[in-house]
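What follows draws every value from the coordinates through simple rules; no lab data is involved. Because the structure is predicted, anything quoted here is derived from the model rather than measured. Heads up, the Cβs are rebuilt from the backbone with ideal geometry, glycines too, and the neighbour counts pull from every protein chain shown.
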Amino acid sequence: MKEFDSYYSALFSQSNRIYSVRYTLLTVTIACLLYSVVARGYYLYIATVSALLFQIISWYLKVRIENIRYLANEFQKFDILYCAYGKIPSEFHLSHLKAMVSGKIFSDVEKKMKNDDVGGKYYSDNIDIPREKLFSMIHENCYWNHYLYKYVFFLFATGIALISSCFVVSSFFAFPLIKIDPEYTVPRLAFTFLSLFLVYELLEKAKNSYVSSRIMLEIDNELTRSRGDISEVNLLKIFNQYCNVKESAPDIPGFLYKRNKGKLNDGWKSRVLKMPDDTI
């Protein structure tokens, strides 16, 4: 449904914008922490307080991103079910979702509706049977998300390696310059806490993206092998599993999607031409 598509695309775009701001802040936080390794006196306190302040703002943005992504995923769920069955699953839930979006998102959706902007197309758009349509949309999304989450995992793994290397190298060269001074115990402890927290967050997101990618591949394989054998009840259970994975998975940066859109679209096109016998 065009309205649902407008909502979730606007929400995902907003989430990606805030995501970019948040990771810019995290980069600045890391820079402050690296500087605090060699800083002394007044500059050490400034670097530590700045890093704490940026981290607090980052935590707030993280909560905002999670709330926006929840709404986006819910609208996308409504869109898939409406495309398949031609009816809204729950008007009650939909009314609350619309009330939870910001005024900015509501204005963006109105503009899209007036401009008649059309979202992404599925290869299932020409299918009329509800079960087959839902099956095809889940299948296509799982194929795309498997690779997108895989690319996100590589991105986080690279980030972890770079940040860890920076901390190790900077600490190694700065160690002879650091003297034991009780006046600097608190900022050094804050440095340690923030460093560990940043690395832990990246590790958690890397793990979630890897697990999400694997589950999407498993669903893709299951649907490929059992195309004619899955009942509608089991298909809805698989759809629920797919939605749960999306909710727990990290954001897919816009640049990753744009960079890989062409080859994934071409890859899925070749899969569609060989179905139902082809498997990964």
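Stretch Arg131-Val169 to full length: gain in nm at 0.36 nm per residue minus the Cα-Cα span? Write down the numbers at each step before the final one.
Numbers: separation 38, 0.36 × 38 = 13.68 nm, distance 5.63 nm.
Full-extension gain reported as 8.1 nm.
Normalised by the number of residues in the stretch 1-116, the mean separation of alpha-carbon contacts (under 8 Å, six or more apart) gives a relative contact order of 41 percent. Projected onto their three principal axes, the Cα atoms of the stretch 1-58 cover extents of 60, 14, 8 Å, largest first.
Are any of the pairs Lys87/Lys114; Lys112/Lys150; Lys104/Lys246; Lys133/Lys258; Lys112/Lys261; Lys237/Lys269 more than 28 Å apart by Cα-Cα distance, and if so, which? Those over the limit are Lys112/Lys150.
Residues whose amide H lies under 5 Å from that of Ser226, counting only those 5 or more places away or on a different chain, are absent; hydrogens are built 1.01 Å from N in the peptide plane.
With an 8 Å cut-off on Cα pairs and a minimum separation of 6 or more residues, tell me the relative contact order of the stretch 193-280 in percent.
Numbers: 28 pairs, mean separation 40.2, N = 88.
Across the stretch 193-280, relative contact order equals 46 percent.
Distance between the pseudo-spin-label points of Lys111 and Glu201 (7 Å out from Cα toward the beta carbon): 2.9 nm. Treating each Cα of the stretch 1-113 as an identical point scatterer and summing with the Debye formula, the log10 of I(q)/I(0) at q = 0.12, 0.18, 0.23 Å⁻¹ comes to -0.55, -0.86, -1.16.
Roughly speaking, what is the stretch gain from Ser226 to Thr158, that is 0.36 nm per residue apart minus the C-alpha to C-alpha distance, in nm to one decimal? Please list the in-between numbers first.
Details: separation 68, 0.36 × 68 = 24.48 nm, distance 3.65 nm.
20.8 nm is the gain from fully extending Ser226 to Thr158.
The slack in the chain from Val211 to His93, taken as 0.36 nm per residue of separation less the alpha-carbon distance, amounts to 39.6 nm. Model label sites at Glu247 and Ile18, defined 7 Å from Cα along the beta-carbon direction, differ in position by 1.7 nm.
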